[in-house]
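Engineer: Okay, here's the structure, questions in a sec.
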Amino acid sequence: MNVRFEPSAGLRGRIRPPADKSISHRAALIGAMASEPVRIRNYLDAEDTNSTLAAVGALGAIVEVRADDLLIRGGGLRNAQEPPGVIDVGNAGTLMRLLPGWLAFQPGMAFTLDGDASIRGRPIDRIAEPLRAMGARIDAREGRFPPFTVHGERLRGIEYELPVASAQVKSCILIAGLTTAQTAVIEPTASRDHTERMMLRAGAPIGREPIAPSGYRTTIGNADELELEVVEIPGDLSSAAFLIAAGVIVRGSRLLLEGVGVNWTRAGFLRILERMGAIVVGEVEPPGTFSAEEPVADLDVCAGPLEGTVVEAEEVPLAIDELPLVALLGCFAEGETAVRGASELRVKESDRIASVVDGLTGLGGDIEATEDGFVVRGTGGLRGGTLDARGDHRLAMLGAVAGLASREGVEVLGMEAAAVSYPGFADDVARLR
């Protein structure tokens, strides 16, 4: 589906962004591992998160979609059922990387995971290595690609140092550590901590301590059971980021985004925006906080002039999904904007470094790729044109925002990709025009 987004004179209004995708995935997974039913309010109804509901259903959980919430009745931590066929993860990379942590400690059972064409190109060796060290057996296509099979075993605890900070890899190891005496994960810099917070709420013996200069050591031990009761999913900051970016670069805009999750391990984009001179007002959780709760705030956004900035490697995990927007903002900023240490972008739904550089260049941007990021020279705006989403939901929404702020408009090829995380994005944009 191709959709054209014409230049806008200004975006106005208030809106509540969709539920957080990362937290929705984790609520469904940990809910399926819990010993008592779990109510989930504001679960994201999107392709990726629905793949997670289907997956936990295939593993024996009963999923009941009700008028105002979702109820999951799981079989308990150690009682996953072996499905008769393949578990289809669709396009959900988070599901593909977190679920094996649970499957790895189901002794005597084998679970095969597969997905769409995009998933089949995304490597799983970064979760396979620590799971194998814990005693699980994993067979993968060409040794590192889906489809792959997890053979459950009795696991042993390990101390694992992540080569690159990754919330998904860290979460997989911590989930697998729930049946070990103690497992520790060391990350060089902070990454999203939604898994740790939800496990803490569920009663798991989990702890975290800072390690100089900017890393963390997180430990987890044996848990007899998990109990969550009720989970309230906040608005997704990564989805809200596209509206925030539009509010910043479309002249005459003033937006209020309500009920947005502002966990400090997700708010890297807001800190980058602040450096660039953007006006986004809202109370964000202080860095270093470790709590069982997810903080929520309303964000007030208005358009204004921007200055270029440099995003260094230690900032990347806290803004990984929003980095394409940093490139877009750089096109409208004065001076040069650079992102470094973001090689993780090359193994997302698309090679996001190449996709963003090609897409924005085609719209008139002055941007070039580096091995682990990109450099943008601000030209004051974009001409417009056509942008191919390449099946990537974030690239589709990037093209839409670019069109609103461009001189001639942008036609997005494959706009339907946005349904992966933000099914109503185009409708919300239309309401704000």
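Engineer: For region 175-229, give me the residue count where each residue is aliphatic (A, V, I, L, M), modelled with pLDDT of 95 or more and under 20 Å from Gly76 (Cα atoms).
Structural biologist: 13
Engineer: Could I ask something else about it? Condition (residue is crowded, with 24+ Cβ neighbours inside 10 Å, assigned by TED's automatic domain parsing to the domain that holds Ile249, more than 30 Å from Arg14 (Cα to Cα) and in contact (Cβ under 8 Å) with a residue 12 or more places away in the chain) applied to region 375-382: is it met by at least one residue?
Structural biologist: Yes, region 375-382 contains a residue that is crowded, with 24+ Cβ neighbours inside 10 Å, assigned by TED's automatic domain parsing to the domain that holds Ile249, more than 30 Å from Arg14 (Cα to Cα) and in contact (Cβ under 8 Å) with a residue 12 or more places away in the chain.
Engineer: Do we have Ile249 as in contact with a Lys or Arg (Cβ under 8 Å, 6 or more places away or on another chain) and in contact (Cβ under 8 Å) with a residue 24 or more places away in the chain here?
Structural biologist: No; evaluated as a whole, the condition is false for this residue.
Engineer: Right, Gly85: surrounded by fewer than 19 Cβ atoms within 10 Å (Cβ to Cβ) and in a loop (DSSP other than H, G, I, E, B) or not?
Structural biologist: Criteria met by Gly85.
Engineer: Kindly indicate whether Val316 is modelled with pLDDT under 95 and surrounded by 23 or more Cβ atoms within 10 Å (Cβ to Cβ).
Structural biologist: Yes: the conditions hold for Val316.
Engineer: Also, quick follow-up: Within region 61-76, is there a residue that is touching a residue at least 60 places away in the same chain (Cβ under 8 Å) and either part of a helix (DSSP H, G or I) or not hydroxyl-bearing (Ser, Thr, Tyr) (or both)?
Structural biologist: Yes, because at least one residue in region 61-76 is touching a residue at least 60 places away in the same chain (Cβ under 8 Å) and either part of a helix (DSSP H, G or I) or not hydroxyl-bearing (Ser, Thr, Tyr) (or both).
Engineer: Could you give me the residue pairs with C-beta distances under 6 Å whose first residue belongs to region 284-295 and is over 21 Å from Glu258 (Cβ atoms), whose second residue is surrounded by 13 or more Cβ atoms within 10 Å (Cβ to Cβ) and at pLDDT 95 or above wherever it lies, and which are 6+ apart or on separate chains?
Structural biologist: Pro287/Trp264; Thr289/Trp264; Phe290/Arg208; Ala292/Arg197; Ala292/Leu200; Ala292/Arg201
Engineer: From the list Ser35, Ser8, Ser22, Ser51, pick out the single residue that is among the small types (Gly, Ala, Ser), surrounded by fewer than 24 Cβ atoms within 10 Å (Cβ to Cβ) and closer than 23 Å to Met199 by Cα.
Structural biologist: Result: Ser35 is the single residue among Ser35, Ser8, Ser22, Ser51 that is among the small types (Gly, Ala, Ser), surrounded by fewer than 24 Cβ atoms within 10 Å (Cβ to Cβ) and closer than 23 Å to Met199 by Cα.
Engineer: Can you report the number of residues in region 188-227 which are touching a residue at least 40 places away in the same chain (Cβ under 8 Å), of a type in the set (Asp, Glu) and either in contact with a strand residue (DSSP E or B) (Cβ under 8 Å, 6 or more places away or on another chain) or not assigned by TED's automatic domain parsing to the domain that holds Glu36 (or both)?
Structural biologist: Result for region 188-227: 2.
Conditions tested, residue by residue: (1) surrounded by fewer than 24 Cβ atoms within 10 Å (Cβ to Cβ); (2) on the phi > 0 side of the Ramachandran plot; (3) out of contact with any helix residue (DSSP H, G or I) (no Cβ under 9 Å at 6 or more places or on another chain).
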{"site": "Ala176", "(1), (2), (3)": "no, no, no"}
{"site": "Pro188", "(1), (2), (3)": "yes, no, no"}
{"site": "Val230", "(1), (2), (3)": "yes, no, yes"}
{"site": "Leu243", "(1), (2), (3)": "no, no, no"}
{"site": "Gly261", "(1), (2), (3)": "no, no, no"}
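Engineer: So, one more: Return yes or no: is Val260 under 29 Å from Glu187 (Cβ atoms) and assigned by TED's automatic domain parsing to the domain that holds Tyr422?
Structural biologist: In short, yes.
Engineer: Right, another one. Looking at region 89-127 only, could you name the residues that are surrounded by fewer than 17 Cβ atoms within 10 Å (Cβ to Cβ) and in contact with a Leu (Cβ under 8 Å, 6 or more places away or on another chain)?
Structural biologist: Met109
Engineer: Return the residue satisfying two criteria in turn: it lies in region 405-429 and is among the aliphatic types (A, V, I, L, M) and within 18 Å of the chain's Cα centre (by Cα), and of such residues it is nearest to Leu95 (Cα to Cα).
Structural biologist: Among those that are among the aliphatic types (A, V, I, L, M) and within 18 Å of the chain's Cα centre (by Cα), it is Val420.
Engineer: Can you pull out the residues in region 20-58 that are in contact with a helix residue (DSSP H, G or I) (Cβ under 9 Å, 6 or more places away or on another chain) and free of Cβ contacts under 8 Å to residues at least 40 places away in the same chain?
Structural biologist: Scanning region 20-58 gives Pro37, Leu53, Val56, Gly57.
Engineer: Here's a follow-up. Name the pairs: first residue in region 172-186 and under 18 Å from Thr94 (Cβ atoms) and touching a residue at least 12 places away in the same chain (Cβ under 8 Å), second residue in a helix (DSSP H, G or I) and among the acidic types (Asp, Glu), Cβ to Cβ under 8 Å, at least 6 apart or on different chains?
Structural biologist: The qualifying pairs are Leu174/Glu196.
Engineer: In the set Ala396, Ala402, Ala354, which member is aliphatic (A, V, I, L, M), within 23 Å of the chain's Cα centre (by Cα) and at pLDDT below 95?
Structural biologist: None of the others qualify; the one that does is Ala354.
Engineer: So for region 356-366 (the condition being farther than 26 Å from Ser214 by Cα, in contact with a strand residue (DSSP E or B) (Cβ under 7 Å, 6 or more places away or on another chain) and among the polar types (S, T, N, Q)), does at least one residue qualify?
Structural biologist: Yes, the conditions are met somewhere in region 356-366.
Engineer: One residue is enough: does region 367-378 have a residue meeting the conditions touching a Phe, Trp or Tyr at 6+ places or on another chain (Cβ under 9 Å) and not in a strand (DSSP E or B)?
Structural biologist: Yes: one or more hits.
For every residue, the table says whether it meets (1) crowded, with 24+ Cβ neighbours inside 10 Å; (2) within 29 Å of Gly90 (Cβ to Cβ); (3) touching a Cys at 6+ places or on another chain (Cβ under 9 Å).
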| site | (1), (2), (3) |
| --- | --- |
| Thr337 | yes, no, yes |
| Arg340 | no, no, no |
| Asp372 | no, yes, no |
| Leu395 | yes, yes, no |
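The values are calculated or read from the model by the stated rules, or taken from the named source; none is laboratory data. What you see is a predicted model; the values in this text were computed from it and never measured. Note that we place each Cβ from the backbone using ideal geometry, even for glycine, and neighbour counts take in every protein chain shown.
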